[in-house]
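We did not get these values from a lab; they are worked out from the coordinates using the rules stated. Computed from a predicted model, the values in this text were never measured in an experiment. With ideal geometry, Cβ positions are generated from the backbone for all residues, glycine too; neighbour counts draw on all protein chains shown.
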Amino acid sequence: MLKQLARLSVEADGRYATATELQFLKDYLDSVDKRISAYEKIQAMESQIVSKIDETRRAAEPELFAKTSQVDGTLVCKRDFTNILRYSAAALLFDDCDRVPDNYLLWYKTIVRTFKYDRAAGVTYKVVQDVTKQYLTPQESALFSPILELNQVVLGQ
């Protein structure tokens, strides 16, 4: 949204914007109440959502998420879920998938690949989508799902 506004201000400099050029703004304004509502719900329920994600993914495939070393990575995983959730919520609010920083996703993807957590990440980010739907209305979820799908594609299998 913000990048589109910046681009429009440059492209329409010295002239009026066309109806086609303004359509993204109309679409955003039509959805802004749902975006704010979803953002506020995610913010308020963040710890419950993160805990539910962890609980659900462990129940879905316990052997996949068993300790793989002497260290239990639960705290690290919860931190990572929280960060992804925050970046994703910002992307939802501003209708801008670029708000999930490429550098963060690339860094996290490197970690996932290095430790061969591809399958676990694929399962996890499917669970993230399922769990967040429990906290949002269908309309809010429809706005949030494309962002979560992007996370799943980048991080999972």
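Between A142 and A17, the contour length at 0.36 nm per residue exceeds the alpha carbon distance by 42.1 nm. In the chain, the DSSP-assigned H stretches of four residues or longer account for a calculated mean residue ellipticity at 222 nm of -25500 deg cm²/dmol, using -39500 (n - 2.57) per stretch and the full residue count as denominator.
The modelled label-to-label distance for the pair V10/L150, using points 7 Å beyond Cα in the direction of Cβ, is 1.9 nm. Helices of the chain meeting both criteria, an alpha-carbon length of 24 angstrom or more along the long axis and an average Kyte-Doolittle score not below -1.0, with helices taken as full DSSP H segments, are 19-44, 74-94, 138-155. Remark: the stretch 31-155 carries a charge dipole of roughly 280 debye about the Cα centre, counting +1 on each Lys and Arg Cβ and -1 on each Asp and Glu Cβ. Using a cutoff of 8 angstrom between alpha carbon atoms and counting only pairs six or more residues apart, the relative contact order for the stretch 31-155 works out to 36 percent.
Between the residues S31, Y108, T132, the greatest Cα displacement towards the positive end of the dipole of the chain, with unit charges on the Cβ of Lys, Arg, Asp and Glu, is found for Y108. In the chain, excluding the sites themselves, the longest stretch lacking any of the trypsin sites (Lys or Arg not before Pro) that are in a DSSP loop with at most 13 other Cβ atoms within 10 Å is 16-66. Straight-line reach from K116: taking Cα to Cα under 29 Å and skipping same-chain neighbours fewer than 8 places apart, the lysines in range are K52, K67, K78, K126, K133.
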